[in-house]
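Data block below; observations after.
Values in this text are rule-based calculations from the coordinates and carry no lab data. Here the structure is a predicted model, which means the values were calculated and not measured. Every residue, glycine as well, gets a Cβ built from its backbone with ideal geometry; the counts of neighbours run over all protein chains shown.
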Amino acid sequence: MTIAAMLLVNNPGSWSYVYPPLRHAEWHGWTPTDLVFPFFLFIVGLSLSLSFSRRREAGIPPRGLYRKVSSRAAAIFGLGLFLQLFPRFRFSTFRIPGVLQRIALCFFFGALIYLATRARTRLRIFICLGMLGAYWALLTFVPVPGFGPGVLAPKGNLCGFIDAKLLGGHLYLPGFDPEGILSTLPAIVTVLMGTLAGDWIRSGRPVQVKGLGILSAGIPLIAVGLILHPFFPINKQLWTSTYVLFSGGAALLFFGICYLIVEAYGVRKWSSPFLILGTNAIAVFAGSTLMVKLLFLIRVHDAGKAISPPGYLYAHILFPAAGPYLGSLAYAVLFTLVWILLGRPLYKRKIFIRL
């Protein structure tokens with residue numbers, strides 16, 4: 001479901017006509033779209049717990065797990081860099097941070113912490129709280145030259161200052177990147193929250209107890225994030241500590257609902273399209289990004305102008321048929337359906353592309 005949401009919000013027919021819930025919040029606050037990325041990192045953590053437990057039971061030594069973690073993180077990070085560079089390969093100005101790069105770093109450090117604390121749940125919880133507290137303290141008390149401490153505006157915040165100093169000229173925006181260096185610290189906590197949920201799911205408790213336990217953990221976290229929002233704003237681009245609590249609680253809530261529907265009540269048929277996307281998650285995300293870049297290299301002549309095939313489809317079919325906003329959403333839905341259809345043969349043949 002998270003991959004489907006990623007495809008939906010990243011590929012409108014026109015960026016000029018997007019319904020507000022399908023846009024990111026401009027700065028402080030949140031929209032449903034701001035939950036998509038942390039949901040993915042949460043599931044990465046949950047998958048870590050399930051995967052590593054099976055590998056340990058299979059007798060794979062810790063050294064083998066560390067080697068696997070390192071190689072997979074490097075591969076995902078490298079794929080992210082390739083997608084940033086393609087098709088121009090302008091090394092002097094390309095963006096170094098990115099979605100896949102953050103996934104790789106959070107997977108790597110989250111896995112290391114999980115392997116070191118696998119049997120010590122309380123220690124992992126204290127590490128999560130310590131990282132969130134440390135991040136709050138850094139953004140609140142460390143002064144930025146020319147701005148001072150505690151600045152959480154787009155200009156003058158500590159995250160942007162560090163990114164500009166270390167990665168200047170290779171950022172999403174001049175002086176700031178939403179997947180920058182310092183804000184990766186609290187994003188790792190989102191992965192660790194997923195590992196805690198995975199450990200709970202692996203316990204021997206009854207299915208309904210596990211599902212209700214997940215729900216009962218998510219609701220208070222959402223509440224705490226909202227209560228603290230006036231003091232330390234929920235902000236996806238800075239990945240603030242309150243954003244981690246709020247989005248992590250939302251992830252627990254949505255996962256708990258899905259878990260009860262599928263595992264406790266056995267209602268599974270609705271999930272087939274999402275299984276197709278989820279079992280090849282990185283491949284679908286990377287492939288869809290590559291597809292968009294390739295489509296925008298193709299030019300179609302239209303009334304004396306050269307536009308891309310997606311632009312032509314939106315301008316001549318979807319926009320006239322459904323209007324600007326609904327037509328833009330229709331394109332995103334069609335794009336998502338295309339990837340479900342592309343992934344279906346792989347799922348049927350149990351071909352899962354892993355890095």
*Where in the chain are the DSSP H helices whose C-alpha atoms run 27 Å or more along the long axis and whose mean Kyte hydropathy is at least 1.6?*
207-228
*asked:* Run the numbers for MET291 and ALA303: contour at 0.36 nm per residue of separation, minus the present Cα-Cα distance, in nm.
replied: 1.8 nm
*Which is the longest stretch in the chain that no exposed loop site breaks, taking sites as chymotrypsin sites (Phe, Trp or Tyr not before Pro) with a DSSP loop state and at most 13 other Cβ atoms within 10 Å?*
92-230
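Given the rule -39500 (n - 2.57) for each run of at least 4 DSSP H residues, summed and divided by the residues of the chain, what is its mean residue ellipticity at 222 nm, to the nearest 500 deg cm²/dmol?
Rounded to the nearest 500, the figure is -20500 deg cm²/dmol.
Report the trypsin sites (Lys or Arg not before Pro) located in segment 115-181 that are in a DSSP loop and have at most 11 other Cβ atoms inside 10 Å of their Cβ, or state none. Intermediate values should be presented prior to the final figure.
Details: sites: ARG118, ARG120, ARG122, ARG124, LYS155, LYS165; in loops: ARG118, ARG120, LYS155.
Within segment 115-181, the qualifying trypsin sites (Lys or Arg not before Pro) (loop, at most 11 other Cβ atoms within 10 Å) are ARG120.
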_Simple Cβ-charge dipole of the chain, Lys/Arg +1 and Asp/Glu -1, about Cα centre, in debye nearest 20_ = 1320
*So who's got an amide H within less than 5 Å of the one on VAL300, skipping anything under 5 residues away but keeping other chains? H placed 1.01 Å off N, in plane.*
ILE307, SER308
_Let me make sure I get this right: for segment 33-266, a, b and c are the square roots of the gyration tensor eigenvalues over alpha carbons, sorted descending. Under 1.5 in a/c it's rounded, otherwise prolate if a/b > b/c, else oblate. Which is it?_
oblate
*Spacing of the two label points (7 Å from each Cα toward its C-beta) at GLU263 and ARG205, in nm*: 1.0
*Quick one: grab the alpha carbon gyration tensor of segment 102-228, order the square roots of its eigenvalues as a ≥ b ≥ c, and give me rounded if a/c is under 1.5, else prolate or oblate depending on whether a/b is larger than b/c.*
prolate
*Between LEU112 and PHE147, what is the FRET efficiency for a Förster distance of 45 Å, r being their Cβ-Cβ separation, to the nearest 0.05?*
0.85
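Looking at the square roots a ≥ b ≥ c of the eigenvalues of the Cα gyration tensor of segment 53-135, which shape do they give, rounded for a/c under 1.5, prolate if a/b is larger than b/c, or oblate?
Oblate.
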*Counting only residues 5 or more places away or on other chains, whose amide H sits under 5 Å from the amide H of THR240 once H atoms are built in the peptide plane?*
ASN235
*Roughly how many whole Å is it from the C-alpha centroid of segment 303-355 to that of segment 257-291?*
18
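Taking loop as defined by DSSP and a crowding limit of 10 other beta carbons within 10 Å, which trypsin sites (Lys or Arg not before Pro) in segment 289-353 fit? Intermediate results must be reported in sequence, preceding the final value.
On the way: sites: LYS293, ARG299, LYS305, LYS348, ARG349, LYS350; in loops: ARG299, ARG349, LYS350.
Passing sites in segment 289-353 are ARG349, LYS350.
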